[in-house]
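One structure below.
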């Protein structure tokens, strides 16, 4: 009887937290929808760069982020099998890949800066400013995902997760996959919409 009550409480808690996360994700979608709409409208400006070449590091960072989504999925699958050591490995690999993504993003900015493509000032172009805005807003939200991931790793270390109680991993993974989706959308949008 007590087990049934505990499972009911867990299920209600899970639904509530997921609903809050969905609302947060909808607000993030609205932010990026606003940015991409402004991007489309600004295309008519005289300082628009039609031939800007996006550094390859942004392609590499996209690949790294997609791989991190796979490792997060594998971490969730491992905890569902009560394989704690494999879960730890996948969670740590996901964190390293997330940090690598951020490093590659800033490396891409460094390359743009060295080409004289700056987001503000007299020599700036609106196209470059949008690229910086897209990336900085995404990285800011991804830091939220990293904080969540570090919290999940800490809780996993404290043995708070198992095959039947893994809500933290599920929520953090859902947000992580969502941020991957947002980045792939932004990357493809910026890469192909010229």
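The values are calculated or read from the model by the stated rules, or taken from the named source; none is laboratory data. Just so it is clear, the model here is predicted, and its values are computed rather than measured. Every residue, glycine as well, gets a Cβ built from its backbone with ideal geometry; the counts of neighbours run over all protein chains shown.
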Inside segment 67-88, the number of residues satisfying the requirement of being in contact (Cβ under 8 Å) with a residue 40 or more places away in the chain, surrounded by fewer than 17 Cβ atoms within 10 Å (Cβ to Cβ) and closer than 24 Å to residue 143 by Cα is 2
Would you be able to say whether some residue in segment 91-113 is touching a residue at least 12 places away in the same chain (Cβ under 8 Å), surrounded by fewer than 16 Cβ atoms within 10 Å (Cβ to Cβ) and in a loop (DSSP other than H, G, I, E, B)? no
Of the residues 92, 99, which single one is modelled with pLDDT of 95 or more, under 15 Å from residue 135 (Cα atoms) and out of contact with any strand residue (DSSP E or B) (no Cβ under 9 Å at 6 or more places or on another chain)? 99
Candidate set: segment 178-194, residues that are surrounded by fewer than 17 Cβ atoms within 10 Å (Cβ to Cβ) and assigned to a helix (DSSP H, G or I); chosen: the one farthest from the chain's Cα centre (by Cα): 192
Criterion (surrounded by 14 or more Cβ atoms within 10 Å (Cβ to Cβ) and assigned to a helix (DSSP H, G or I)) met by exactly one of 39, 23: 39
Looking at (1) closer than 19 Å to residue 193 by Cα; (2) buried (at least 18 other Cβ atoms within 10 Å of the Cβ), can you tell me which one residue 133 breaks? (2)
